[in-house]
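Only the coordinates and a few stated rules stand behind these numbers; no lab work does. What you see is a predicted model; the values in this text were computed from it and never measured. Ideal geometry is used to build each Cβ from the backbone, glycine not excepted, and the neighbour counts take in all protein chains shown.
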Amino acid sequence: MRNKVEKFHSRRAFSIVEVLVSVTVLALLGTGAIAGLLSINRTVATNRFATNAQAIAQTRIDRILGEPYPQGCAPPAELTPGTVTQTGVPIYADPVSNTVIVAGTVTTTVNDLSRTIVPGAPTSRLFQATVAVSYTYGGKPASVALTTVRTVD
């Protein structure tokens, strides 16, 4: 009878070794989960900035394509050949404080591809526009570039 009582009393609580092992396992699992969540958060932020940069470039392309350019008229100002660079363009701003988190540079390059196809015929007015948005996040440079071609309406 005494032997049964000793066994019962000896297993009433966990030993210190069992507690330390379980706490260590939980700490390792928690650390792994937090590291995974931080990695996912970085990936989401990187994708958000890339999406915003692409939207900025697409907006500039839409502006170039949307300007009226009737036959026989001068091309719109957006189609002036050359390169225009704008710095400090907000790529992402905090939605609560409106603080700019990531700013970048937008470079618009317009090339005049016009040429006379048939001698004596009117020159075909053709322009190529490239909009490049570049920025740095987490010490890594990133960029998005879109290109379009435009002629008379």
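Given a Förster distance of 35 angstrom, what is the FRET efficiency for V84 paired with L37, based on the Cβ-Cβ distance and rounded to 0.05?
Numbers: r = 41 Å, r/R0 = 1.18.
It comes to 0.25.
Per residue of the chain, what 222 nm ellipticity follows from adding -39500 (n - 2.57) for every DSSP H run with n ≥ 4, rounded to the nearest 500? The partial results should precede the final answer.
Numbers: 2 runs with 60 residues, N = 153.
The per-residue figure over the chain is -14000 deg cm²/dmol.
Step through the residues of region 50-65 one at a time and calculate ³J(HN,Hα) from phi using the Karplus curve (6.51 cos²θ - 1.76 cosθ + 1.60, θ = phi - 60°), rounding each to whole Hz and writing x for Gly and Pro.
With the stated coefficients, region 50-65 comes to 5, 5, 5, 5, 5, 5, 5, 5, 5, 4, 5, 5, 4, 5, 5, 6 Hz.
Estimate the FRET efficiency between K140 and L28 by the formula 1/(1 + (r/R0)^6), using the beta-carbon distance for r and 22 Å for R0, to the nearest 0.05.
0.15
From the C-alpha coordinates alone, can you work out the Kirkwood hydrodynamic radius of the chain, in Å? Each step should come with its number before you reach the end.
Working: mean 1/r = 0.0478 Å⁻¹.
After inverting the mean inverse Cα-Cα distance, the result is 20.9 Å.
Suppose a student asked you for the relative contact order of the chain, using Cα pairs under 8 Å spaced at least 6 residues apart; what percent would you report?
Relative contact order comes out at 20 percent.
Hey, what's the per residue convex hull volume over the C-alpha atoms of region 15-83, in cubic angstrom? Present the calculation step by step, with values, prior to reporting the outcome.
Numbers: hull volume 5.2 nm³, N = 69.
Hull volume normalised by residue count: 76 Å³.
What does the charge dipole of the chain about its Cα centre add up to, to the nearest 20 debye, if the Cβ of each Lys and Arg holds +1 and the Cβ of each Asp and Glu holds -1?
Numbers: 13 positive and 8 negative charges, 221 e Å.
With only Lys, Arg, Asp and Glu charged at Cβ, the dipole is about 1060 debye.
Which of R42, R150 has the fewest other C-beta atoms within 10 Å, and how do the rest follow up to the most?
Details: R42 12, R150 21.
Taking fewest neighbouring Cβ atoms as first place, the list is R42, R150.
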